[in-house]
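The values are calculated or read from the model by the stated rules, or taken from the named source; none is laboratory data. Source: prediction; values computed, not measured. Here Cβ is always computed from backbone atoms with ideal geometry, including for glycine, and neighbour counts include all displayed protein chains.
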Amino acid sequence: MSTIKKMVAEFIGTAVLVIFGCGTAMLVGCNAENGGGYILTALAFGLVIVAMAYSIGNVSGCHINPAVSIGMLVSGRMSVKDFVCYIIAQFLGGIAGAGVLMGVFGLSGIQDKTGALGSNGLAGGNIAATIIIEVILTFVFVIAILGVTSKIENGAVAGIVIGLTLTLVHIFGIGLTGTSVNPARSFGPALLAGGDALANVWVFIVAPLLGGALAAVVYMIIAGKAESKE
């Protein structure tokens, strides 16, 4: 598969993730008094992964997330060239998705209940706490991806497992940081929303990348040990 086709697939997938995931958050809100909003938003993000996994997965692997791509890079499953191309496509997709949301909500006059295009926020205003939370959430998400995609026979269920895992980390993380685990998903809305969202977006770029890389290192260690015992 050509690099351009992979980039197009990653662009589309990331844009769809932002449109449906962040868009749902904008519609239903994610405050502590509206638990239903938590579930709907978590499901939206998870279901997008399922849909995209079975539509573009055969083209690019459906990373649609720089944290997943860095996990694949560190674990030796993709080249540096592809990694760079994927990152570019994912960030452009995140910006495009946020642009679509800005246009839709602006033209329709529907209120954005998040106030910032579904952007992420610091947990209790604390940067250190936010980094720890996002590293943990991303670690769980990426290590699940590395595990389920390690065997060809898991191909039929991989998309569902990955989607449910993303739903899981969102259910826990939404009330804390809004759940990023994806630098491209965070950057697009923050860039167009501006203000505090843009000022703090570096946290949601650095922490997920650290979590993804850590997941790859840990997975290689434990998978190597497991294989040596067999």
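Here are some notes:
- Subset of region 1-22 [buried (at least 22 other Cβ atoms within 10 Å of the Cβ) and over 14 Å from Ile64 (Cα atoms)]: Cys22
- Test for Thr165: is it touching a Ser or Thr at 6+ places or on another chain (Cβ under 9 Å) and either aromatic (Phe, Trp, Tyr) or within 19 Å of Ala207 (Cα to Cα) (or both): no
- Residues within region 44-56 that are buried (at least 21 other Cβ atoms within 10 Å of the Cβ) and over 14 Å from the mean Cα position of the chain (by Cα), tallied: 1
Condition check ((1) at pLDDT 95 or above; (2) touching a strand residue (DSSP E or B) at 6+ places or on another chain (Cβ under 8 Å); (3) hydrophobic (A, V, I, L, M, F, W, C); (4) at positive phi) across all residues:
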| site | (1), (2), (3), (4) |
| --- | --- |
| Val104 | yes, no, yes, no |
| Asn120 | yes, no, no, no |
| Ile131 | yes, no, yes, no |
| Val140 | yes, no, yes, no |
| Asn154 | no, no, no, no |
| Leu166 | yes, no, yes, no |
| Pro183 | yes, no, no, no |
| Gly188 | yes, no, no, no |
